[in-house]
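Worksheet: the structure to be examined is printed underneath.
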Amino acid sequence: MGGTFDPIHYGHLNSAEEIAEVFKMDRVIFIPAFIPPHKKKEKVTDGYHRLMMTMLATLSNPRFTVSTIEIERDGYSYTIDTVNELRNSFNKGSAKNKFYFIVGVDAFKEIFTWKDSVRLLKNCDFI
């Protein structure tokens, strides 16, 4: 589940839990964006603070994990880069893992403004 998570809230957590149940997911990985490129004009809380908030908020659910992939990238957080990196990491020697990318409808409405959006839509299932 990608997002700015500024702050993370029950809407994120409840949606992730419901989606995990419906799609029979083993886990949901929350991925806080380091620098969200679509929020250039908005003031966004420091990435490390948002990462810590996300970790604290997801701690009680064993199905939830938090990835530092975009925080460690230390630049703009482009979903296509994250999806490619996660696929390479989780599917080494195998393509058995099914990936879904969970985003809010507010973000998905803008998907055609995202980097490599057409390729992203062809290579990733969005929820």
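Filter the stretch 38-78 for residues that are acidic (Asp, Glu) and closer than 21 Å to ALA107 by Cβ and give the result.
GLU42, ASP46, GLU70
Note on the stretch 1-47: residues that are hydrophobic (A, V, I, L, M, F, W, C), surrounded by fewer than 17 Cβ atoms within 10 Å (Cβ to Cβ), assigned to a helix (DSSP H, G or I) and in contact (Cβ under 8 Å) with a residue 40 or more places away in the chain total 1.
In the set (1) free of Cβ contacts under 8 Å to residues at least 40 places away in the same chain; (2) within 17 Å of HIS12 (Cα to Cα); (3) surrounded by fewer than 16 Cβ atoms within 10 Å (Cβ to Cβ); (4) in contact with a helix residue (DSSP H, G or I) (Cβ under 7 Å, 6 or more places away or on another chain), the condition left unmet by LEU51 is number (3).
I'd like to know if the stretch 49-67 contains one or more residues that are at pLDDT below 95 and in a loop (DSSP other than H, G, I, E, B). Checked the stretch 49-67: no residue is at pLDDT below 95 and in a loop (DSSP other than H, G, I, E, B). Among the criteria (1) under 14 Å from the mean Cα position of the chain (by Cα); (2) at pLDDT 95 or above; (3) more than 18 Å from ASP125 (Cβ to Cβ); (4) not aromatic (Phe, Trp, Tyr), the one ASN14 does not fulfil is (1).
The values are calculated or read from the model by the stated rules, or taken from the named source; none is laboratory data. Keep in mind that this is a model prediction, so the values were computed, not measured. Ideal geometry is used to build each Cβ from the backbone, glycine not excepted, and the neighbour counts take in all protein chains shown.
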